Amino acid sequence: MLDSFTQSVMLLLVAAFLVAFVLLLYMVSPLISPKPLKLAGAHVVVTGGSSGIGKCIAIECFKQGAFITLVARDEAKLVQAKKEIEKHSVNDKQVVLCISVDVSKEYRQVENVIKQAQEKLGPVDMLVNCAGTSLSGKFEEIEIDRFARLMEVNYLGSVYPSRAVISTMKERRMGRIVFISSQAGQLGLFGYTAYSPTKFALRGLAEALQMEVKPYNVYVTVAYPPDTDTPGFTEENKSKPLETKLISETSSLCPADQVARVIVKDAVQGNFNSSVGSDGYMLSSLTCGMSPVTTITEGLQQVVTMGLFRTIALFYLGSFDSIVRRCMMERQACQKADKTD
């Protein structure tokens, strides 16, 4: 048996070793992190860039000196977005190019659009896949063809542009590809049986693609924005089930420009995960699984916080279940009252 003094010394040695190891990781981590992408003079393509988060991302990149290609379906909205973005130019050489196309319909058409953009503004340095749509409703009440359409827009609408730029990025040994998922792509919630799977799919695509392109110095970022103040969110709220609204109200609504700044910063740094706020950080740590990390310290933080965050998450899940049960009971009570009358 070791005496108490020897045990104390051994514990101190172990603690000292752990501290030294963590400090060493902090020192080494920047050396193995991706080299930040300089946006000044870079060509950034933003799909779904005519409004919402996409437009704000385009503005943020333009403020940092980038050349922008906006891709969206609505020509009128594209023209209006172009005017708004151009107000933030930092030099007279910057250009905003607008191309109208549905990125979810036909790959060859998307490929031709990307070629046009590269002929005018040079190779794509960063692609931001922001084209997408949302739909909420009870599983059995959603029209069956909407499931396929959401997968086309939210998933294939990111696959096609990414496929069109990836070969050139690998040849140049540089590039960034950003997928705009959602916090609904980290956990499934009431009302999102059609929407959540499309956003979960983006993470699987991003993880597999990152493993392929990392040796070529191309980095993938998956952004998980919370509820964001955009025209799309306003439209979605018109038909959102009560349960979904009440669950959404447990977190605050974020301004689109704030979300855009975070996403652009993470993409430039080459971070795989991009989240906003404390809730977003907790969700990213909880759902990290086998996803890649940009730095060793990021991995350490996930290991250390996992248990605590899981405990907090259980309370959240309990409150969400309580909301769903309460709404069901209130609805049943109203139905009984109507029958009595």
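The values are calculated or read from the model by the stated rules, or taken from the named source; none is laboratory data. Predicted model, so just to flag it, every value in this text is computed and none were measured. Every residue, glycine as well, gets a Cβ built from its backbone with ideal geometry; the counts of neighbours run over all protein chains shown. Ligands, DNA and RNA are excluded from the accessible area calculation, which covers all protein heavy atoms including side chains. Shrake-Rupley method; radii C 1.70, N 1.55, O 1.52, S 1.80 Å.
Considering only the stretch 169-203, state which residues are farther than 30 Å from S319 by Cα and open to solvent by 40 Å² or more (accessible area, probe 1.4 Å).
K170, E171, R172, R173, M174
Any residue at all in the stretch 115-125 that's within 24 Å of the chain's Cα centre (by Cα), charged (D, E, K, R) and open to solvent by less than 60 Å² (accessible area, probe 1.4 Å)?
Looking through the stretch 115-125, at least one residue is within 24 Å of the chain's Cα centre (by Cα), charged (D, E, K, R) and open to solvent by less than 60 Å² (accessible area, probe 1.4 Å).
Just one of V268, V293 is open to solvent by less than 50 Å² (accessible area, probe 1.4 Å) and under 28 Å from G175 (Cβ atoms); which is it? Step through it out loud before you land on a result.
Numbers: V293 fails: open to solvent by less than 50 Å² (accessible area, probe 1.4 Å).
Going through V268, V293 in turn, the sole match is V268.
Conditions (1) touching a Ser or Thr at 6+ places or on another chain (Cβ under 8 Å); (2) not hydrophobic (A, V, I, L, M, F, W, C), marked per residue:
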| position | (1), (2) |
| --- | --- |
| G191 | yes, yes |
| T198 | no, yes |
| L202 | yes, no |
| P215 | no, yes |
| V220 | no, no |
| E249 | no, yes |
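Open to solvent by 20 Å² or more (accessible area, probe 1.4 Å) and at pLDDT 90 or above, is that true of P255? Step through it out loud before you land on a result.
On the way: open to solvent by 20 Å² or more (accessible area, probe 1.4 Å): yes; at pLDDT 90 or above: yes.
So P255 passes the test.
Residue check: is V222 among the hydrophobic types (A, V, I, L, M, F, W, C), in contact (Cβ under 8 Å) with a residue 40 or more places away in the chain and touching a helix residue (DSSP H, G or I) at 6+ places or on another chain (Cβ under 6 Å)? Break it down into steps so the answer makes sense when it comes.
Working: among the hydrophobic types (A, V, I, L, M, F, W, C): yes; in contact (Cβ under 8 Å) with a residue 40 or more places away in the chain: yes; touching a helix residue (DSSP H, G or I) at 6+ places or on another chain (Cβ under 6 Å): yes.
Here the answer is yes, as V222 does meet what is asked.
(1) exposed (fewer than 13 other Cβ atoms within 10 Å of the Cβ); (2) of a type outside the set (F, W, Y); (3) without any contact (Cβ under 8 Å) to a residue 12 or more places away in the chain: which one isn't true of N112, the others all being true?
Unmet condition: (1).
Restrict the check to the stretch 159-172 and report whether at least one residue is assigned to a loop (DSSP other than H, G, I, E, B) and touching an Asp or Glu at 6+ places or on another chain (Cβ under 7 Å). Even if it seems obvious, please write down each step before you answer.
Of the stretch 159-172, the ones assigned to a loop (DSSP other than H, G, I, E, B) are none.
Scanning the stretch 159-172, I find no residue that is assigned to a loop (DSSP other than H, G, I, E, B) and touching an Asp or Glu at 6+ places or on another chain (Cβ under 7 Å), so the answer is no.
Filter the stretch 61-101 for residues that are open to solvent by 30 Å² or more (accessible area, probe 1.4 Å) and part of a helix (DSSP H, G or I) and give the result.
Scanning the stretch 61-101 gives K63, E75, A76, K77, V79, Q80, K82, K83, E84, E86.
Would you check which residues across the stretch 132-152 are buried (at least 21 other Cβ atoms within 10 Å of the Cβ) and either among the aliphatic types (A, V, I, L, M) or over 26 Å from T234 (Cβ atoms) (or both) and list them?
If the condition is that a residue be buried (at least 21 other Cβ atoms within 10 Å of the Cβ) and either among the aliphatic types (A, V, I, L, M) or over 26 Å from T234 (Cβ atoms) (or both), then L135, L150 are the ones that fit.
Within the stretch 241-257, is even one residue within 21 Å of A131 (Cβ to Cβ), of a type in the set (S, T, N, Q) and over 14 Å from the mean Cα position of the chain (by Cα)?
No; the residues of the stretch 241-257 include none that is within 21 Å of A131 (Cβ to Cβ), of a type in the set (S, T, N, Q) and over 14 Å from the mean Cα position of the chain (by Cα).
In the stretch 153-168, how many residues are surrounded by fewer than 19 Cβ atoms within 10 Å (Cβ to Cβ) and out of contact with any Phe, Trp or Tyr (no Cβ under 9 Å at 6 or more places or on another chain)?
Count: 2.
Can you pull out the helices (runs of 4 or more DSSP H) entirely within the stretch 235-287 that have at least 3 residues that are of a type in the set (S, T, N, Q)? Give the steps one after another, and end with the answer.
Values: elements: 242-248, 256-269, 277-286.
Qualifying helices (runs of 4 or more DSSP H): 277-286.
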